[in-house]
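Since the structure comes first, as structure tokens, the remarks are kept for the end.
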Amino acid sequence: MSEPAWPSPPAGPCTLAASLDVEVAILGAGIHGAALARELTLRGVSCALVDKGEVGGGTSQWSSQLLHGGIRYMLTGDIPQMREGLAERAAWARIAPRRCRWEAFWMPHRFWAEGLAHRFGIGLYDHWGADRPGWPAELRRGRVPSPVFEADPRSAKGPFRGATAYADLMTWDRDLTKDLAASSEALLLDHHEPGAFAEEGGALMSLQLHDRRDGTPRTLSARRWVFALGPWTDGALAAWFGDTRKRLRLSSGIHLWFDAVPGCERPWAIRRPKGRILFVIPRDGLLQVGTTEREVTDGWVPIQDSEREELFQALEENLPAIAWRRLPVRAEELGVRPLVAAGGATSHLSREAVLEPHPHFRNLTLVLGGKLTTARALMDRLATGLTGRPCEASKTKPLRLWDGQAAGIR
Ligand SMILES: Cc1cc2nc3c(=O)[nH]c(=O)nc-3n(C[C@H](O)[C@H](O)[C@H](O)COP(=O)(O)OP(=O)(O)OC[C@H]3O[C@@H](n4cnc5c(N)ncnc54)[C@H](O)[C@@H]3O)c2cc1C
């Protein structure tokens, strides 16, 4: 299943030497791998960033693209995770202003008491998230005035009587990941397939790679290794080392991208059962809708009809004035969340992250779970642990744009 789905590499040679040596080898160039490459560069430590595909070509391009505290944690009571996300949101707004856009999200309510509860919860969320660098003065938080709410076509004929607006940060996930990589001096080994590892005395020493573009073999040696392979972690450890311990549970989520609907100007965050949120977000000239939760077994899985149907039913139930099934779907995407393994339904699993020292290889660390939002902080912690050097600039030094393109182009 995973092999045929791996996107083909672009044409063109890679000019790197056949034998490469760095202090830290990072496998996986998603948001975690790319953030770690920047952290190591900020500390003056050499590294290589290896990926079988392109930088930001995995889960980190299929998220809901929010750098947020997670308003749903207000419902599930996971306050420490929410507060960490809110603090990190401010750090992203400082270091990546070109990839961030503040928004006033509307959370609609069905009846008066629910509106009161939302105002209380959102009041706390915005209080704890009061550090909002660059917040545009014209964006309004708090109770949405009735005439403004009623002017939005999503409010007609539905169950909602009003809404409360809260602040959150939108991003462009794949571009943010590429910017992190571009803000590092890592040797970039994208489109490289890992082969055999050499080990010695319980430590990884080197890795044979082949360039998927032209088949060139390369050898990468490093003193330390970090695997940030997102949902592919368990599969890779099983294939490379016969290590079959299940560390992650995988949960797919889909987004549908509709044509823009006139009058839908603010993003909506609609509460659904089981502490889930249905986002309806106008962005990039389209209307992004998501997301779902389905337990899966691989990082590459196709979208199922039942997932599309679930979103359509949720839209029709909550926002019946819009003829959703007649609106053209311009794109649909599925991402797989790597969730740290635990019992229960995946919708209740926390998005926490774990840095796990590998039980057999003493110089290998695994990055498990996590979110876009907390990736910088987590990799800051990991880089400090690996090098013994903290780095204040991590939270303040602006990112370099990966190819100078304008922000917001997907
Ligand atoms: C539907 C959905 C919505 C989400 N929304 C949000 C959100 O709004 N906000 C938020 O903060 N988080 C969100 N997340 C979570 C977030 O997207 C992920 O936690 C994050 O992107 C994971 O990044 P990563 O670097 O760990 O993994 P990935 O981005 O998947 O990176 C892993 C990399 O490893 C590479 N790789 C895999 N196997 C191999 C191999 N054998 N050899 C070499 N390379 C390999 C892949 O090509 C990939 O590039 C969402 C996730 C999903 C699925």
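Restricting to the stretch 288-325, what's the tally of residues that are within 16 Å of residue 256 (Cα to Cα) and open to solvent by 50 Å² or more (accessible area, probe 1.4 Å)? The number of residues fulfilling the criteria is 11. Checking each residue in the stretch 55-82 for being at pLDDT 95 or above and assigned to a helix (DSSP H, G or I) picks out 59, 60, 61. Put simply, of 242, 230, 285 the only residue that is open to solvent by less than 30 Å² (accessible area, probe 1.4 Å) and either free of Cβ contacts under 8 Å to residues at least 60 places away in the same chain or in contact with a helix residue (DSSP H, G or I) (Cβ under 8 Å, 6 or more places away or on another chain) (or both) is 230.
Looking only at the stretch 272-301, residues that are assigned to a strand (DSSP E or B) and of a type in the set (Phe, Trp, Tyr) come to 1 in all. Restricting attention to the stretch 258-271, the residues that are outside any loop (DSSP other than H, G, I, E, B) and at pLDDT 95 or above add up to 5. Could you say whether any residue in the stretch 133-151 is open to solvent by less than 10 Å² (accessible area, probe 1.4 Å), of a type in the set (Asp, Glu) and assigned to a helix (DSSP H, G or I)? The answer is no, given that none of the residues of the stretch 133-151 is open to solvent by less than 10 Å² (accessible area, probe 1.4 Å), of a type in the set (Asp, Glu) and assigned to a helix (DSSP H, G or I).
Step by step: first the residues of the stretch 78-125, then only those that are among the aliphatic types (A, V, I, L, M) and under 30 Å from residue 403 (Cα atoms), then the one that is surrounded by the most Cβ atoms within 10 Å (Cβ to Cβ). Which residue is that?
By that ranking, first place goes to 86.
Just the residues that are closer than 16 Å to residue 210 by Cβ, open to solvent by less than 40 Å² (accessible area, probe 1.4 Å) and of a type outside the set (A, V, I, L, M), please, taken from the stretch 13-57. 14, 51, 52, 53 - these are the residues of the stretch 13-57 that are closer than 16 Å to residue 210 by Cβ, open to solvent by less than 40 Å² (accessible area, probe 1.4 Å) and of a type outside the set (A, V, I, L, M). Please verify whether residue 174 is open to solvent by 10 Å² or more (accessible area, probe 1.4 Å) and within 12 Å of the ligand (Cβ to nearest atom), treating the condition exactly as stated. Yes; evaluated as a whole, the condition is true for this residue.
Looking at the stretch 162-243, the strands (runs of 3 or more DSSP E) lying wholly inside it that each contain 1 or more residues that are within 28 Å of the chain's Cα centre (by Cα) and of a type in the set (Gly, Ala, Ser) sit at 162-171, 192-200, 217-227.
The values are calculated or read from the model by the stated rules, or taken from the named source; none is laboratory data. Everything numeric in this text was worked out from a predicted model, so none of it was measured. Ideal geometry is used to build each Cβ from the backbone, glycine not excepted, and the neighbour counts take in all protein chains shown. Heads up: the accessible areas ignore ligands, DNA and RNA and are worked out on the full protein's heavy atoms, side chains in. Shrake-Rupley method; radii C 1.70, N 1.55, O 1.52, S 1.80 Å.
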